[in-house]
Amino acid sequence: MVRKTKKTPQKTMKVSDELLISMHNVSKWFGSFQALREINLNVYKGERIIICGPSGSGKSTLIRCLNALEHHQAGEIKVLGNVLDNNIRHVETIRRDVGMVFQDFNLFPHLSILENCILAPIWVKKMPRAEAVDLAMSLLERVKIPEQASKFPGQISGGQKQRVAIARALCMNPQVMLFDEPTASLDPEMVSEVLDAMVELAESGMTMICVTHEMGFARKVANRVIFMDEKGQIVEQNEPNAFFDNPKSERTRQFLSKVLTH
Amino acid sequence: MAKKSDIVFVREKDAPLLAPPLLESGAFGWFRQNILSTMNDFSSVGGAVRSLIMAAATLFIFYYSVNILWALIDFTLIEAVWSNPQGLKRELCTTALAGGVQHDGWHGACWPLIFAKIKFLTYGAYPFEELWRVNLAGVILIAGLVALMFERMPYRIHIGLFMLVIYPFLAFALLYGLGDWAGLPFVYTYDWGGILVTLVVALTGIVVSLPLGIALALGRQSKMPVIRGFCTIFIEFWRGIPLITVLFMASVALPLFLPKGVNIDNLLRALIGVTLFASAYMAEVIRGGLQAIDKGQYEAGTALGLNYWKNMRLIILPQALTYVIPGIVNTFIGLFKDTTLVAIIGLFDLLGAAQAAVNDASWSTPVQAITLYIYVALFYFICCLIMSRYSMRLERKLAKTND
Ligand SMILES: Nc1ncnc2c1ncn2[C@@H]1O[C@H](COP(=O)(O)OP(=O)(O)OP(=O)(O)O)[C@@H](O)[C@H]1O
Ligand SMILES: [Mg+2]
């Protein structure tokens, strides 16, 4: 599925010592239902982490807690040196530096592709418009769709939309990128163009946390794969080759046999 | 057993590319496709009955449409009296039998009556020598609105800001006056009337109810219980009572609650009543639009670092308002026509002024009332038509940019 690239990203367990994200005993409830159970996770600069697991296991909830789209109720989350609490200032500083890409793209349909990209730099970072346009064009070029800049989201394909969403997040020059099943809504023939963009991003050294079931992609770029089960807990965590070839837990084996057989 | 050729197939030649089937053109073709096609099925009893009913209904509707249209044209244009060289009044529009100058059996509109009353119907009792102030305010208004309708207008944003921010004060200064020192003596609102009052009430209502409605709609969705509760109660209160009651309360009951000597202008009371009433409706229309927006839009904005207000202003409201343009314009049109209710609290809006003119004995003829009411209806109809056409244009334009 994934295009062969010359340079494969470095795959050591730890890329640097700089801790960007730490989750300590994080729990999250929806009403009386516990969606996350005592999650512990450290993410270092330059790491590429893949989260997988069955539907309803809390993968989305976990990464949405990292930019406070969901609020955790127990434990501590620290992102880029700021503790995520109810202080809206802290939350907003974190959100500027954490980019997110959604399964359903969530482009702004009333704005052109270019306007989608320059909106946040202009309104959040107060960047002059001309500078924002230059930046956006260079990033649209990076995801290989500069020619679509003046179109509207309704006029481009799913794969193109998701690449715009990546470019839009990159326009804020984030230190961490979160992906929530970025290819799950795409027609099969468009998956690879999005994965290519993500591989390129990984090669550039971006810290990434990605929920996905694209196992080929995971093997290729991840330096850690995390498996969660229906109870909302982390069951297994390992370097990708070991994770796929030699899973330790029975639950992981079951899951992988379902995902990998077809 | 299926033949082998039914199972295995490999295309070697493209299927032919065909031109679309010919459509009949011309008036007769149109008539056949759109009119006759619904009534030419006689292949069964049911089909024949249906065809005959369709034919009868078509003839019936056609006959009465033509009839009514003809009666209207006959009354307002052909039989109508247009000029009044001798300066007559009552006699001009009465038949010879009743002492007038028209032939027996005459029945038509009496336009000179409108010409004679036009000043009263437009300005009410606004003093003659100060009319230039109303006219100036009106000319600026029309020029501003027309300028805003053109997209490529240079300085469009500046014109818009001027109309929204400066114009209301300018119009107030012109219409109400600033005092003798400024050369604009006060003209109190009990002298205002006619189209002037109608437009003041309607435009204030329209311009204020939109932002107020947006604020109420956002408030009703707020996470803060106090704000949400207040907005909900406010909306339900104003939606729950008839406008006529609001106006009565404003003119009769309100003074009871005010300290002695404090007197709120009658027009101002009506303005407040109409505006709050319209805001409640507007809020519900806009809330419908807000609910149509996917939660992902707000989350995407949030994830990019936009705060609540920027998210609303840049992402949610532009989309929500676009969805509900028909509802917004519908509310505007309703509000515009509802302004006629201020006549019952003694304000002489266009309908009130027309009512007064109907009672003018010196013009008392059988066609006096109907002529005046046709004029009033025409005014409202044209204003509402402009609003509805403009909203359709706006919708088409926004639909074009969106996908
Ligand atoms: N807003 C919510 N209210 C109530 N329950 C929720 C809410 N969001 C998620 N849940 C529940 O929390 C659990 C975890 O949901 P989450 O969306 O994180 O799962 P997921 O692993 O991302 O699943 P999927 O692979 O289907 O996306 C699920 O059981 C879900 O029903
Ligand atoms: Mg999910």
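The numbers here are math on the coordinates, done by the rules we state, and not lab data. Since the structure is predicted, the reported quantities are computational estimates derived from the model, not experimental observations. Counting neighbours? That spans all protein chains shown, and the Cβs are built from the backbone with ideal geometry, glycine included.
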Averaged over A:101-111, number of beta-carbon atoms from partner chains that fall within 10 Å: 6
Is there a pair in B:Lys89/B:Lys337; A:Lys161/B:Lys397; A:Lys126/B:Lys310; A:Lys45/A:Lys126; A:Lys45/A:Lys161 whose C-alpha atoms are over 20 Å apart, and which pairs would that be? B:Lys89/B:Lys337; A:Lys161/B:Lys397; A:Lys45/A:Lys126; A:Lys45/A:Lys161
Nearest 500 deg cm²/dmol is fine: what mean residue ellipticity at 222 nm does the protein assembly as shown get from its DSSP H runs of n ≥ 4 alone, each adding -39,500 (n - 2.57), divided by its residue count? -16500 deg cm²/dmol
Given backbone amide H placed at 1.01 Å from N, residues whose amide H is under 5 Å from that of B:Leu184, ignoring those fewer than 5 places away on the same chain, are B:Leu178, B:Gly179
Taking Cα pairs under 8 Å and at least six residues apart, what relative contact order does region B:116-402 come out at, in percent? 22
Run through the DSSP bridge list for the protein assembly as shown and note the antiparallel percent, rounded to the nearest 5. 50
Only Cα pairs within less than 10 Å get springs; with that Gaussian network setup on chain A, which residue of A:Glu92, A:Glu70, A:Glu250 has the largest fluctuation? A:Glu250
Which of B:Leu199, B:Phe62, A:Ala218 sits closest to the plus end of the dipole of the protein assembly as shown, meaning its Cα is farthest towards the positive end, when Lys and Arg get +1 and Asp and Glu get -1 on the C-beta? A:Ala218
Among the aspartates and glutamates, which fall within straight-line cross-link reach of B:Lys295, defined as a Cα-Cα distance under 16 Å, with same-chain neighbours fewer than 8 residues apart omitted? A:Glu70, A:Asp104, A:Asp180
Per residue of A:119-127, count partner chain C-beta atoms within 10 Å of its C-beta, then hand back the mean as an integer. 4
Per residue of A:87-95, how many C-beta atoms from partner chains lie within 10 Å of its own C-beta, taken as a mean? 2
Cα to Cα, under 12 Å, and not fewer than 8 places away if on the same chain: which aspartates and glutamates meet these conditions relative to A:Lys125? A:Glu92, A:Asp97
So, in Å, what gap is there between the alpha-carbon centers of region B:142-196 and region B:254-285? 22
Tell me, Kirkwood radius of the protein assembly as shown from alpha-carbon pair distances, in Å? 31.6
For chain B, give the magnitude of the charge dipole about the Cα centre (Cβ charges: +1 Lys/Arg, -1 Asp/Glu; no others), in debye to the nearest 20. 1280
Where in region B:156-239 are there trypsin sites (Lys or Arg not before Pro) that are in a DSSP coil and have at most 10 other Cβ atoms within 10 angstrom of their Cβ? B:Lys223
Under Karplus coefficients 6.51, -1.76 and 1.60, residue-wise ³J(HN,Hα) of region B:48-59 in Hz, glycine/proline x: 5, 4, 4, 4, 5, 4, 4, 4, 5, 5, 4, 4
GNM top mover of B:Ile114, B:Ile73, B:Ile286 - chain B, alpha-carbon springs below 10 Å: B:Ile73
Tabulate in residue order the Karplus-calculated ³J(HN,Hα) for region B:80-87, using 6.51 cos²θ - 1.76 cosθ + 1.60 with θ = phi - 60°, rounded to whole Hz; enter x for Gly and Pro. 4, 8, 10, 10, 9, x, 8, x
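Could you work out the relative contact order of region B:274-403? I mean the mean sequence separation of Cα pairs under 8 Å and 6+ apart, divided by the number of residues, in percent.
Here the relative contact order equals 24 percent.
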